[in-house]
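Taken together, the values in this text are just the output of simple stated rules run on the coordinates, not laboratory data. Note that the structure is predicted; figures quoted are calculated from it, not measured. Cβ placement follows ideal geometry from the backbone for every residue including glycine, while neighbour counts extend to all protein chains displayed.
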2 protein chains.
Amino acid sequence: MAVGQGDFPEMLEVAGIQLGTACAGIKQTVRDDILIIQMADHSTCAAVFTRNAFCAAPVQVAKANLAHAPRWLLINSGNANAGTGTQGMQDALASCAALAAVAGCTANQVLPFSTGVIGQPLPVEKINAALPSAVNNLSPGNWDKAAKAIMTTDTFPKGVSKVISIEGKPVAINGIAKGAGMIQPNMATMLGFIATDAKIKQHLLQECLAQGVEQSFNRITVDGDTSTNDAGVLMATGCSAAPEITRNSESYMIFADAIMTVCKKLAEAIIRDGEGATKLMRIVVEQSLNDEEAVRVGKTIAHSPLVKTAFFAGDPNWGRILAAVGRSGVENMDIDKVQIFLDDVCIVKNGGRADTYTEEAGQQVMNQEEITVTVKLGRGEACQEILSCDFSYDYVRINAEYRT
Amino acid sequence: MAVGQGDFPEMLEVAGIQLGTACAGIKQTVRDDILIIQMADHSTCAAVFTRNAFCAAPVQVAKANLAHAPRWLLINSGNANAGTGTQGMQDALASCAALAAVAGCTANQVLPFSTGVIGQPLPVEKINAALPSAVNNLSPGNWDKAAKAIMTTDTFPKGVSKVISIEGKPVAINGIAKGAGMIQPNMATMLGFIATDAKIKQHLLQECLAQGVEQSFNRITVDGDTSTNDAGVLMATGCSAAPEITRNSESYMIFADAIMTVCKKLAEAIIRDGEGATKLMRIVVEQSLNDEEAVRVGKTIAHSPLVKTAFFAGDPNWGRILAAVGRSGVENMDIDKVQIFLDDVCIVKNGGRADTYTEEAGQQVMNQEEITVTVKLGRGEACQEILSCDFSYDYVRINAEYRT
């Protein structure tokens, strides 16, 4: 299932970026499971990584190699190379070396990423054998194939493409992402790759990525589980005709805003494809003392299995939302000031069910595929939005059968 | 479904305690839904309550009345009287007044408790009409009826009965509890009522209850949702032949230990009856820096929908346990020191799958109904245990259909 996702968009080319895919046979099904991305010389590259203490071997290698002017990304799906100890680290390094040999770069110019089952040895020989084919396939037009090659339990490929104007010159920004389960990103999504032909220094690029991720991938949750492999990469080739983007310029504002938009669209696509999802829950927490508090309240609602199953059933069981707000750990909450809405329908006011509320009005909202829950805490001015989805039979089925 | 729960035990009488049940017709099914408990004069009474900010009207009334030497408890199932605003408070007070009129006490000597659907007006007239019948039924032998009358989505009544020796004299302790969903108690279970004929001052009784609850009801979770109505009560009638239990005495140690045992058994029964549960997960976190850290790691595993669905499937997907440990927020965790076991089978060592691990050994443990996950953090001496259960199709069904 997926909630209201349209077709994969037409992806423009990004000057200086080439993508190649191949089938290494990591999974039993015959499909591309290897993606390599080449960046033009002089590109800058920023990245954010999972905060899970058990971060996967490729995450550790990518973190280290980020300092060595990366030129290539090497991504495999079907195997996370996580929980694989010393062998996993050797395998990640070996796959980087194998790509370097075929591509003619140094091994530390490759950032490796893996996604899939945790705890299985990486089939590094299969991957290495498929690399020449991926290199032969390199093309700037392979964005759709790339989005498909990184999928695991995803039911559709996720991509965004946009063009902005930097001092009158067009700059392209493309993003692809994957993820449907083990989704409560912390610093990054499961995997997200964004490329632009803008010219921008690495530290500014990193700043744009961090800001974008914080308000997008770090505001979504399917199941509250932060992956061992989360990573987000932003590549800037500098191959467009636009002048360099510098700090405090108008161009920087436009660029940073566009990166955030791309991040938000990719993050929303992940939630629309949440494992077993039948409904999109947009949880807006307003009038909170600060952002942290707003995020806490929003995530408490978003993680509540009782709220999520009620949404699956289309049941306006607002008592469960109220209970989640109440247990979210906000100190000295004045419950008489709290208001809760389903779309525009006020359900809670003055510590209880709103006088104006009717089950019919609540039911009408709950019948929709996309529902906004707004919580007004009556404590301050901060506001944050969390995206989540419901909990269905299919969620249990998908995760009970994952390894069978 | 329920996991390995035996028959309801034979409950001894507790001198000075009488229980009466009645059918008020709060739910559509015809069953007792009202329980009243009378304590002998000079009883002491301790209680702990939910920390949910939206605590229900009866919780607020019970908290206030605890100071007025309570003589009666009035419990209804089928309606939580939570999220009901001013009217809910009036209804809770009215039901106390109604019982006081029939029973011949003052209204503030009644502690009211409600459990069931949130946000519906309490059918206070139905309750009041049933009270004379409940008073007429009062008997010291009604523990089984009492345990059934407080059930909501529970599939079996939960009770514990034991006798201890205080300076050579027998002292009885009985406990009943209800709860299957919205279970991550904070200060108390959904509802738990324990009575003893020991003689003990109120402040010591409160201390025993708080200690018992902390290591039992506060260490279980079905779904991570803390109820608006959680409450636990410990009544001591002083009607046994045993001398008063005083601080720092051997009797106090024996008594406090027995209360903890009763709390733990009731808490475990709640998990065995967790909504849709097919497996009991006992999560033991050892070698942590402190108790708080151990509880955090344990609850992160216990709340992970990915871990819970893998347990439902009987899949030794240890990567999900490892990922949960990794995202639990323990600072500076040295993953090379972490060891994880399924029962006695070591699954994780030195940051990855243990060399000695085989899928067959893991599968054998996962086929059991009761499984212990032990996490050794290699950081210190603290140890805590969390009880939880799996996530099944039935969990989704029960909670999707709850109000239909």
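Which whole-number percentage describes the relative contact order of chain A, with Cα contacts under 8 Å and a sequence gap of 6 or more?
Numbers: 1047 pairs, mean separation 72.4, N = 404.
The normalised contact order for chain A reaches 18 percent.
Which net charge results for the neighbourhood of A:Ile254, defined as the other residues with beta-carbon distances under 15 angstrom from its beta-carbon, given Lys and Arg at +1 and Asp and Glu at -1?
On the way: positive: A:Lys162, A:Lys169, A:Lys199, A:Arg247; negative: A:Glu167, A:Asp197, A:Glu207, A:Glu244, A:Glu250, A:Asp257.
Charge balance near A:Ile254 sits at -2.
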Quiz item: Non-local amide H neighbours of B:Arg31 (under 5 Å, H modeled in plane, Pro and chain starts lacking H): which ones?
Solution: B:Gly25
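Go through B:Lys63/B:Lys126; A:Lys148/A:Lys169; B:Lys162/B:Lys265 and tell me which ones have a Cα-Cα distance over 20 Å in this structure. Please report the intermediate quantities before stating the final value.
Numbers: B:Lys63/B:Lys126 24 Å; A:Lys148/A:Lys169 31 Å; B:Lys162/B:Lys265 11 Å.
As for pairs spanning more than 20 Å Cα to Cα, those are B:Lys63/B:Lys126; A:Lys148/A:Lys169.
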Exercise. Please give, to one decimal in nm, the separation of the simple spin-label points placed at B:Thr356 and A:Gln5, each 7 Å out from Cα toward the Cβ.
Key: 4.4
Practice problem: Measure off 7 Å from each Cα along the Cα-to-Cβ vector at B:Thr86 and B:His203, then give the distance between these two points in nanometres to one decimal. | Solution: 3.9
Practice problem: Output ³J(HN,Hα) for the stretch A:149-160: one whole-Hz value per residue in order, computed from phi by the Karplus curve 6.51 cos²θ - 1.76 cosθ + 1.60 with θ = phi - 60°, and x for Gly and Pro. | Solution: 5, 8, 5, 10, 7, 4, 9, 8, x, 10, x, 9
Quiz item: Projected onto the charge dipole of the protein assembly as shown (+1 at Lys/Arg Cβ, -1 at Asp/Glu Cβ, origin at the Cα centre), which of B:Gly212, A:Met182, B:Gly380 gives the Cα projection farthest towards the positive end?
Solution: B:Gly380
Quiz item: Per-residue HN-Hα couplings for the stretch A:332-346, Karplus 6.51 cos²θ - 1.76 cosθ + 1.60 at θ = phi - 60°, whole Hz, x for Gly and Pro?
Solution: 6, 5, 8, 5, 6, 9, 7, 10, 10, 10, 9, 6, 8, 8, 6
Self-check item: For the stretch A:201-279 versus the stretch A:94-141, the gap between their alpha-carbon centres in whole angstrom
Solution: 24
Quiz prompt | Residue mean of other protein chain beta carbons inside 10 Å, A:302-311 | solution = 6
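Taking 0.36 nm per intervening residue step and subtracting the Cα-Cα distance, what contour gain separates A:Ala129 from A:Leu289 on full extension?
Details: separation 160, 0.36 × 160 = 57.60 nm, distance 5.51 nm.
Gain in length upon complete extension: 52.1 nm.
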Quiz item: Under the rule of -39500 (n - 2.57) per DSSP H run of 4 or more residues, summed and divided by the residues of the protein assembly as shown, what mean residue ellipticity at 222 nm is obtained, to the nearest 500 deg cm²/dmol?
Solution: -10000 deg cm²/dmol
Quiz prompt | Cα-based reach from A:Lys178 at 13 Å (exclusive), listing aspartates and glutamates while leaving out same-chain residues under 8 positions away | solution = A:Asp33, A:Asp144, A:Asp154, A:Asp230, A:Glu268, A:Asp273, A:Glu275
Quiz item: For the stretch B:334-404, which GluC sites (Glu not before Pro) are in a loop by DSSP, counting at most 14 other Cβ atoms within 10 Å?
Solution: B:Glu369, B:Glu381, B:Glu401
Quiz item: By Kyte-Doolittle mean hydropathy of at least -1.0 and Cα axial length of at least 24 Å, which whole DSSP H helices of chain B are selected?
Solution: B:85-103, B:250-272
Quiz item: Per residue of B:118-130, what is the mean number of Cβ atoms on other protein chains within 10 angstrom of that residue's Cβ?
Solution: 2
Quiz item: What nm distances, shortest first, do you get from the label point of A:Thr106 to those in the other copies when the point sits 7 angstrom along Cα to Cβ?
Solution: 8.4
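Across the residues of B:345-351, average count of Cβ atoms on other protein chains within 10 Å?
On the way: counts 0, 0, 2, 4, 1, 2, 10.
Counting other chains' Cβ atoms within 10 Å and averaging over B:345-351 gives 3.
What fraction, in whole percent, of alpha-carbon pairs in the stretch A:17-272 exceed 33 Å separation?
Details: 3628 of 32640 pairs.
So the portion of pairs separated by more than 33 Å is 11 percent.
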Practice problem: Would you mind getting me the FRET efficiency between B:Glu250 and B:Gln60? Use the beta-carbon distance for r and R0 = 41 Å, nearest 0.05. | Solution: 0.60
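Calculate the FRET efficiency for B:Ser165 and B:Glu401 from the Cβ-Cβ distance with a Förster distance of 60 Å, rounded to the nearest 0.05. Before the final figure, lay out the partial values.
On the way: r = 48 Å, r/R0 = 0.80.
With R0 = 60 Å, the Cβ-Cβ based efficiency is 0.80.
I want the antiparallel fraction of DSSP beta bridges within the protein assembly as shown, as a percent rounded to 5.
Around 70 percent of the beta bridges assigned by DSSP in the protein assembly as shown are antiparallel ones.
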Exercise. Between the label point of B:Asn136 and that of the same position in each other copy, find the distances and list them shortest first in nm, with every label point placed 7 Å from Cα along the Cα-to-C-beta direction.
Key: 9.1
